[in-house]
Structures are given as C-alpha cells and as structure tokens.
Amino acid sequence: MKLGVCAFVTDRGLGICELARRVEDAGLESLLVVQNTHVPVSGAALLDEELHKRDHHLLDPFAALSAAAAVTTRIRLGTGICVVPIYDPIILAMQVCTLDHLSSGRFLFGIGLGHDDTVDNHGVSAGQRADVGREKVLAMKALWAAGDAEFHGRSVDFAPVLTGLRPLQEPHPPILIGRQGRRGIADTVDYGDGWMPIVYPELDLGGQLDELRLRCQAAGRPAAPVTAALPELDEQLLERCAGLGVDRSVVVVHAEDEDGFPAFLKRYSALADRFG
C-alpha cells in the first residue's frame, strides 16, 4: 500500500513548494491538496469543525500543484478533491492536461461534488450536483479522446471542437471518485478509475470494498483501486486498510501546523517501508 498526504494548503504556514519537497524527501508516494473556493457566511458553522476551519484560506489546487510539480520529480500530485460541477468542462480539461504535462505524468485527478451551499453559489443547485458532475466528467473524457470532440447532454452541450492538447497519461490521469458509500461506489463503476472514500475506524470498509468488487465484475470492467483518505494518522486503521487490499492511503495534514508537521512526517515516513 502506497502512503501519501492530503493537505489543506493555505496562505499561512508552510508554502506549497516547501511542503511538496518535504513530502518527497520523506519517501512518501503522493501529495493531494484540498479545494474549497469559499465559505458562505450562512454556512460559517463549517469553520467550527477542526477539519474545515481553514477552508476559507485554501489556495487554488491547480496553481498550487503546478508550483509543486516544479520542485519535485517523483511524488504523484493530485486534487483531493476538485469540485467538478463548478467548472466549465472545456477549461477544466485543459487545466488537467496542463498539470499532467507540467508534472511529467504524475497527476491524480481526485474529484467530488463539494458542499451544497458552496456549489449553489457557482450556479449549480444541490439536487443537480451529481448529474452535472457526471456529465462534465464524460465531456472531459470526450475532449481527451478525440481531436474533434462533441458532447450533447442536459447541462453540457457543445458542437465539435478542435482540441489538440492531450494528457500525458493515457487515456487520461486516473479519475478518483471522492464520494462516500454506495453512491461513490456506483459513480466509480460508472465513470471513475478508482474510489477515494474518507475512512473512519467505524466504517465497514471491508463490506464496501466487497460491494465495489462485485459491481465492477457485474459491469464487466477492471477492478477499481481504492485510495483511502484518513482524517488523522491512525496506524491501526492503516493496518486495516492494507489488509483489505487498499492501493493507497493518504492522511490529512494542515500545512499551517509548521511546528507539528516535522514530527508527523517523521512518524509517518517511518511507515512507508512497512506498508510499501
């Protein structure tokens, strides 16, 4: 099982370049960065949660990962997650291609649906998020696959366009579905390459992995690898993930914690050989 981190990177604390260099030097496999464009005042209670208290200071993931790509050579770089429904799919397809080239094919495209109220401010209602996100992913796949792609759906509709830019990875960077439970499993089987759930100790991860495997078999598609996102460093939970055949685990870190990060990284990197 590969080990990585999923970082909340803000305008405070460790910068993205320093963070990326330290993660690579520690022998870890990947660095994913969290996205949230804003926090509505009406939803400011989110900031009372330890995990999300910095959400209104987060850097743009594509700009941040471009900087990380320039100062690293080995680690995989990804979004954890990119809120697909808020994007124009033609522009997002270009951003993904660009970052895949800048990183020499190291990009992991973790995607999700975002918070209801945040996405609503981008013109997509909560009830539409799943359908809009799916269509935009399918539209991007069409753009990456053909030089004269077209797409006609309910929320995405464009006539044939000329697109010469392609991702470096073929057919495209791995699309990791960051959605929980059965809906996340169904989306993964439908249009994802891998599943990226948040994993807590009380989660029936084994049962969900069995369901994912069976659904992949029923759909006649290859098994979907799993990236487990852990809210904190929990060695017993990592052991459990490894025993269940999880492909990658990423532990959430906050780049603002300059004092605590070195100790975390020392402890975490010592596990890389054990699980790798």
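The values are calculated or read from the model by the stated rules, or taken from the named source; none is laboratory data. In this text the structure is predicted, and so the values were computed from the model without any measurement. Positions of Cβ are backbone-derived with ideal geometry, glycine not excepted, and every protein chain shown enters the neighbour counts.
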By residue number, the members of the range 114-136 that are closer than 15 Å to Cys82 by Cβ and either in contact with an Asp or Glu (Cβ under 6 Å, 6 or more places away or on another chain) or crowded, with 19+ Cβ neighbours inside 10 Å (or both) are Gly114, His115, Thr118, Val119, Val124, Arg129, Val132, Gly133, Arg134, Lys136
Could you tell me which residue of the range 137-150 is surrounded by the fewest Cβ atoms within 10 Å (Cβ to Cβ), considering only residues that are in contact (Cβ under 8 Å) with a residue 40 or more places away in the chain and of a type in the set (A, V, I, L, M, F, W, C)? Leu138
Does the range 81-101 include one or more residues that are closer than 17 Å to Leu28 by Cα, modelled with pLDDT of 95 or more and of a type in the set (Ser, Thr, Tyr)? no
When the range 156-181 is checked residue by residue, the ones that are closer than 19 Å to Trp195 by Cβ and part of a strand (DSSP E or B) are Ile175, Leu176, Ile177
Of all residues in the range 78-88 being outside any helix (DSSP H, G or I) and not β-branched (Val, Ile, Thr), which is farthest from the chain's Cα centre (by Cα)? Asp88
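Table: residues versus (1) in contact (Cβ under 8 Å) with a residue 12 or more places away in the chain; (2) farther than 29 Å from Pro231 by Cβ; (3) not in a helix (DSSP H, G or I).
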position: Ser42; (1), (2), (3): yes, no, no
position: Phe62; (1), (2), (3): yes, no, no
position: Ile90; (1), (2), (3): yes, yes, no
position: Leu99; (1), (2), (3): yes, no, no
position: Ser104; (1), (2), (3): yes, yes, yes
position: Phe109; (1), (2), (3): yes, no, yes
position: Val119; (1), (2), (3): yes, no, no
position: Glu135; (1), (2), (3): yes, yes, no
position: Arg154; (1), (2), (3): yes, yes, yes
Got a sec? Which of Arg240, Arg267 is more than 28 Å from Gly15 (Cβ to Cβ) and outside any loop (DSSP other than H, G, I, E, B)? Arg240
Could you go through the range 143-153 and let me know if any residue there is at pLDDT 95 or above and closer than 24 Å to Gly80 by Cβ. yes
Could you tell me whether the range 55-62 includes any residue that is under 17 Å from Ile175 (Cβ atoms), aliphatic (A, V, I, L, M) and at pLDDT 95 or above? no
If you scan the range 217-234, which residues turn out to be part of a helix (DSSP H, G or I) and either within 19 Å of Val251 (Cα to Cα) or touching a helix residue (DSSP H, G or I) at 6+ places or on another chain (Cβ under 6 Å) (or both)? Ala219
Restricted to the range 175-191 and to residues being in contact (Cβ under 8 Å) with a residue 60 or more places away in the chain and not aliphatic (A, V, I, L, M), the residue surrounded by the fewest Cβ atoms within 10 Å (Cβ to Cβ) is Arg179
Which is at pLDDT below 95 and assigned to a helix (DSSP H, G or I), of Arg274, Arg213? Arg274
Test: Gly184 is assigned to a loop (DSSP other than H, G, I, E, B) and of a type in the set (Gly, Ala, Ser): no
Taking the range 187-196 as the search range and keeping residues that are of a type outside the set (Val, Ile, Thr) and part of a helix (DSSP H, G or I), which one is farthest from the chain's Cα centre (by Cα)? Asp190
Can you work out which of the residues in the range 54-77 that are of a type in the set (D, E, K, R) and buried (at least 18 other Cβ atoms within 10 Å of the Cβ) is nearest to the chain's Cα centre (by Cα)? Arg76
